[in-house]
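> Sharing a structure, written as structure tokens. Questions coming.
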Amino acid sequence: MSAIRLRGTAAAVPVLAGLAAALALSACSLPRVTQRPAQTDYRLRAPRVEQPAPGLAPVILRVQPVRAAPGLQGVDMLYSPTPLQLLPYRDSRWLVPPAEMIDAALRDTLARQPWVAAVVGGDAPGRADGSLRCRLDSLEHDVYAHRVELGLRCQIYTGDEQALRGSWSFQAARPVAEQNAAQYAQATQGLLNRAVAELLGQVARTLSAPPPGGAAAQAPPASPASVASAASGTPPPAALPASR
């Protein structure tokens, strides 16, 4: 009986070895489960600033959507590891394209100014006292220089873009202590607060100033007879009938 048991045990060894090898191979073929870092979204908010404009009656402003330069239409948070590279953060992004957040911040801040009666969109019916067009030119984290850069420019028009009254541009940088997306977003918010405050002042000064040349430049030139009559206080002579 012992001999039989030994032969049975010896015969089972190759079977167990083959089973172990099969399990090892199947384990190698199973997919590996890796956990990706969580995606972090950042947003920009409207700054709580107020720009006084003494003497300016409440105006209606038409604000066109803020445009974005090529490469800035998406939600990527761009950074420069070297002067010749521009890459997106892998696990961080803007909640929506930055031009859209800047547009919302600008409209919200303008609407809270005491000298602004209303802020209307580009396609809204009715007339406006002034119009504003802006474009986001640059927004990036300059890693090698330890700073965040923001570039924004705007044009201010009378009425519904009847005449260009002024141009304004903002190009500034803010240093960051740490080179990460959180510091990038915080620095961008600080730059946006400064840009919006400066733009409010420019809009108020432009709309408060009289049109170039004044109202006299808009009136047609008076005839010599009218000028002489106004000086003497007598009415101008009536026009003679044309001879036949």
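> Could you list all residues from the stretch 139-156 that are modelled with pLDDT of 95 or more and of a type outside the set (A, V, I, L, M)?
Hits for the stretch 139-156 are GLU140, HIS141, ASP142, HIS146, ARG147, GLU149, GLY151, ARG153, CYS154, GLN155.
> Go through the stretch 55-95 and count every residue that is in a loop (DSSP other than H, G, I, E, B) and either in contact with a Lys or Arg (Cβ under 6 Å, 6 or more places away or on another chain) or without any contact (Cβ under 8 Å) to a residue 40 or more places away in the chain (or both).
Narrowing the stretch 55-95 to residues in a loop (DSSP other than H, G, I, E, B): 55-58, 64-66, 69-75, 81-86, 95.
Remaining after also requiring either in contact with a Lys or Arg (Cβ under 6 Å, 6 or more places away or on another chain) or without any contact (Cβ under 8 Å) to a residue 40 or more places away in the chain (or both): 64, 70-71, 73-75, 84-85, 95.
The qualifying residues number 9.
> Does PRO114 qualify as being closer than 17 Å to LEU199 by Cβ, in a loop (DSSP other than H, G, I, E, B) and over 13 Å from the mean Cα position of the chain (by Cα)? Full working, then the answer.
Numbers: closer than 17 Å to LEU199 by Cβ: yes; in a loop (DSSP other than H, G, I, E, B): yes; over 13 Å from the mean Cα position of the chain (by Cα): yes.
Here the answer is yes, as PRO114 does meet what is asked.
> What about ALA57, is it under 27 Å from VAL116 (Cβ atoms) and modelled with pLDDT under 95? I'd like the intermediate steps shown before the answer.
Details: under 27 Å from VAL116 (Cβ atoms): yes; modelled with pLDDT under 95: yes.
Yes: the conditions hold for ALA57.
> For the stretch 146-175, which residues satisfy the criterion of being more than 14 Å from the chain's Cα centre (by Cα), surrounded by fewer than 20 Cβ atoms within 10 Å (Cβ to Cβ) and within 22 Å of ARG90 (Cβ to Cβ)?
Matches in the stretch 146-175: HIS146, ARG147.
> Going by the conditions given, is ARG153 among the basic types (Lys, Arg) and over 30 Å from ALA128 (Cα atoms)?
No; evaluated as a whole, the condition is false for this residue.
> Restricting attention to the stretch 76-85, which residues are in contact with a strand residue (DSSP E or B) (Cβ under 8 Å, 6 or more places away or on another chain) and either surrounded by fewer than 15 Cβ atoms within 10 Å (Cβ to Cβ) or charged (D, E, K, R) (or both)?
Let us first name the residues in the stretch 76-85 that are in contact with a strand residue (DSSP E or B) (Cβ under 8 Å, 6 or more places away or on another chain), namely 76-81.
Correct list: ASP76, PRO81.
> Among the listed residues GLY166, GLY126, GLY122, which satisfies the condition of being modelled with pLDDT under 95 and touching a Lys or Arg at 6+ places or on another chain (Cβ under 7 Å)? It would help to see each step written out before you state the result.
On the way: GLY166 fails: touching a Lys or Arg at 6+ places or on another chain (Cβ under 7 Å); GLY126 fails: touching a Lys or Arg at 6+ places or on another chain (Cβ under 7 Å).
Step by step, each of GLY166, GLY126, GLY122 is checked, and only GLY122 is modelled with pLDDT under 95 and touching a Lys or Arg at 6+ places or on another chain (Cβ under 7 Å).
> Moving to a separate point now. Go through the residues of the stretch 120-140 one by one and say whether even a single one is hydroxyl-bearing (Ser, Thr, Tyr), in contact (Cβ under 8 Å) with a residue 40 or more places away in the chain and crowded, with 19+ Cβ neighbours inside 10 Å.
Yes.
> If you don't mind, there's one more thing I want to ask. Looking at the structure I just gave you, is ASP123 within 18 Å of ARG67 (Cβ to Cβ), assigned to a strand (DSSP E or B) and of a type in the set (Asp, Glu)?
Spelling it out, it is not the case that ASP123 is within 18 Å of ARG67 (Cβ to Cβ), assigned to a strand (DSSP E or B) and of a type in the set (Asp, Glu).
> Tell me whether the stretch 175-193 contains one or more residues that are touching a residue at least 24 places away in the same chain (Cβ under 8 Å) and part of a strand (DSSP E or B).
Yes, that holds for at least one residue.
The values are calculated or read from the model by the stated rules, or taken from the named source; none is laboratory data. Not measured: the values here are computed from a predicted model. Positions of Cβ are generated from backbone atoms using ideal geometry, with glycine treated the same way; all protein chains shown enter the neighbour counts.
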